[in-house]
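Note sheet for the following structure.
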Amino acid sequence: MGTTTGLAEAETVHERVVALRRRIHERPELGLQLPLTQQAVLEELEDLGLEITTGTSTTSIVADLDAGRPGPTVLLRGDMDALPMPEHTGLDFASLEPGRMHACGHDAHTAMLAGAARVLAGRRPELAGRVRFMFQPGEEGFHGARYMIDEGVLDGVDHAYALHISPNLPSGWIGARGGPTMASADVFNIEIVGKGGHASMPHYAIDPVPVACELVGAIQSFVTRRIDVFDPAVVTVARIEAGSTNNVISERAVLEGTIRAVSEATRERARAGVRRLATQIAAAHDCEAFVELEEGYPVTINDHAAADHVLRTTDEVLGRGKSVTFPSPVMGAEDFSYVLQRVPGAMAFLGVCPPGSDPSNAPACHSSRMLLDEAAMAAGVAMHVALALAPVPEG
């Protein structure tokens, strides 16, 4: 499928794709239960003759397009959930739900996948095997992919692909790489317990605040001195809380943050290091440290052949020069990692930088001001279609 054909087909459904994206954007939902979003998607798919199954543990949708002829099963994924944050975009279709926003582009992911389903349904005679459309709730920290895997979404699947928008890539470009592509993400909660007292008499208390501050610096030193720079980790202390007023030494200080890595070995080394630093630095100051580590998403690892296939397909479908091979992983995390642990495939990034903006300076995903160029969604639809029609050859 060449450039003109692929994009021209995608353009025929672009108006519907934009309308669905805006409908979902106005009514963002969080977590694993997204009834409004599920209903919007089901309405968009109802006339396509797909085999549709809805989830039991989540409001997921699995829609199969069966060609009726032997061939591979190719899974295409779009996630559907939003983030618990305000929106400051000023869009005409901005979120109507206070404290909720589609700031990571999942509204576009879902709409592009539905658009691809419409195009592919019209090309059923050209298909061999099956295309499975995976509409997934709960990507933003709720392990939605794992629930869908438990309910059988990967049964019989041979290849799997996902697109994630990026406001920091030029509109209509596709970026990918083989191997580790996105980081693991674990959450830590550290409680430093000392002894409270009067702010004027710290010698009668055991102040946990200086201990917490020392720990922040020690964690950063640990990362730069004990972690291989070519197998990196990013450890961020994102929240510190202590005390209730200005003249009381608190009994407790709490630190929360994330640990990210691009290999399981470094992931474990970083987790162990954070725990060791917290307990031993606290002990050195006569405090106790209670460390909780919540295991998050694993490293997202693209199959090399699948990633190369995405880049070649980009040049064929979107035009030569629109593909970019990422030199290093993105340190964000993705639960598509669970899919790629079981099925060869790839996650790629679709550039959606708004016209006139500098990709290096545009508000990124998870910003309350994140914007995307809706014209780029046609490229996303075209890529989904192309990857479904021509998955990675065996061997």
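The values are calculated or read from the model by the stated rules, or taken from the named source; none is laboratory data. As the structure is a prediction and not an experimental result, all values here were calculated from the model. A quick note on method: Cβ atoms are made from the backbone with ideal geometry, for glycine too, and the neighbour counts reach across all protein chains shown. With ligands, DNA and RNA removed, areas are computed over all heavy atoms of the protein, side chains included. Shrake-Rupley method; radii C 1.70, N 1.55, O 1.52, S 1.80 Å.
The table for this structure:
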{"quantity": "Residues being under 22 Å from residue 352 (Cα atoms) and without any contact (Cβ under 8 Å) to a residue 60 or more places away in the chain - total across the range 110-127", "calculated": "0"}
{"quantity": "Total residues in the range 364-379, condition open to solvent by 40 Å² or more (accessible area, probe 1.4 Å) and part of a helix (DSSP H, G or I)", "calculated": "1"}
{"quantity": "Residue in the range 6-14 that is at pLDDT 95 or above and in a loop (DSSP other than H, G, I, E, B) present", "calculated": "yes"}
{"quantity": "Condition broken by residue 103, with the remaining ones in (1) more than 16 Å from the chain's Cα centre (by Cα); (2) part of a loop (DSSP other than H, G, I, E, B) satisfied", "calculated": "(1)"}
{"quantity": "In the range 267-292, the residues that are under 26 Å from the mean Cα position of the chain (by Cα), closer than 25 Å to residue 230 by Cα and open to solvent by 60 Å² or more (accessible area, probe 1.4 Å)", "calculated": "268, 269"}
{"quantity": "Candidates 352, 385 - the one that is under 23 Å from residue 91 (Cβ atoms), in contact with an Asp or Glu (Cβ under 7 Å, 6 or more places away or on another chain) and either free of Cβ contacts under 8 Å to residues at least 24 places away in the same chain or crowded, with 17+ Cβ neighbours inside 10 Å (or both)", "calculated": "352"}
{"quantity": "Qualifying residue in the range 17-25 (condition: surrounded by 16 or more Cβ atoms within 10 Å (Cβ to Cβ) and not in a helix (DSSP H, G or I))", "calculated": "no"}
{"quantity": "Pairs where the first residue, in the range 75-99, is open to solvent by less than 40 Å² (accessible area, probe 1.4 Å) and the second is of a type in the set (Phe, Trp, Tyr), C-beta under 6 Å, 6+ apart", "calculated": "76/133; 76/161; 78/135; 80/135"}
{"quantity": "Residue match in the range 221-236 (condition: assigned to a helix (DSSP H, G or I), in contact (Cβ under 8 Å) with a residue 40 or more places away in the chain and basic (Lys, Arg))", "calculated": "yes"}
{"quantity": "Hits in the range 2-16 - residues which are farther than 25 Å from residue 90 by Cβ and either of a type in the set (D, E, K, R) or surrounded by fewer than 18 Cβ atoms within 10 Å (Cβ to Cβ) (or both)", "calculated": "2, 3, 4, 5, 8, 9, 11, 12"}
{"quantity": "Subset tally (residues that are under 12 Å from residue 136 (Cα atoms), buried (at least 17 other Cβ atoms within 10 Å of the Cβ) and out of contact with any strand residue (DSSP E or B) (no Cβ under 7 Å at 6 or more places or on another chain)) for the range 35-74", "calculated": "4"}
{"quantity": "Subset of the range 198-209 that is in a loop (DSSP other than H, G, I, E, B) and either of a type outside the set (A, V, I, L, M) or open to solvent by less than 70 Å² (accessible area, probe 1.4 Å) (or both) - its residue that is farthest from residue 297 (Cα to Cα)", "calculated": "200"}
{"quantity": "Subset of the range 172-197 [outside any strand (DSSP E or B) and buried (at least 23 other Cβ atoms within 10 Å of the Cβ)]", "calculated": "177, 183, 194"}
{"quantity": "Scope the range 303-312; condition in contact with a helix residue (DSSP H, G or I) (Cβ under 8 Å, 6 or more places away or on another chain) and open to solvent by 10 Å² or more (accessible area, probe 1.4 Å); matching residues", "calculated": "303, 309"}
{"quantity": "Single unsatisfied condition, residue 327 versus (1) crowded, with 21+ Cβ neighbours inside 10 Å; (2) part of a loop (DSSP other than H, G, I, E, B)", "calculated": "(1)"}
{"quantity": "In the range 237-248, the residues that are assigned to a strand (DSSP E or B), open to solvent by less than 80 Å² (accessible area, probe 1.4 Å) and among the β-branched types (Val, Ile, Thr)", "calculated": "237, 248"}
{"quantity": "Matching residues in the range 33-54 - criterion: being of a type in the set (S, T, N, Q) and assigned to a helix (DSSP H, G or I)", "calculated": "37, 38, 39"}
{"quantity": "Qualifying positions in the range 248-281 - out of contact with any Pro (no Cβ under 8 Å at 6 or more places or on another chain) and among the hydrophobic types (A, V, I, L, M, F, W, C)", "calculated": "248, 254, 255, 259, 265, 270, 272, 274, 277, 278, 281"}
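Quick grid of which residues meet (1) under 30 Å from residue 102 (Cβ atoms); (2) open to solvent by 10 Å² or more (accessible area, probe 1.4 Å); (3) in contact with a helix residue (DSSP H, G or I) (Cβ under 7 Å, 6 or more places away or on another chain); (4) not in a strand (DSSP E or B):
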| residue | (1), (2), (3), (4) |
| --- | --- |
| 113 | yes, no, yes, yes |
| 119 | yes, yes, yes, yes |
| 138 | yes, no, yes, yes |
| 148 | yes, no, no, yes |
| 161 | yes, no, yes, no |
| 170 | yes, yes, no, yes |
| 211 | no, no, yes, yes |
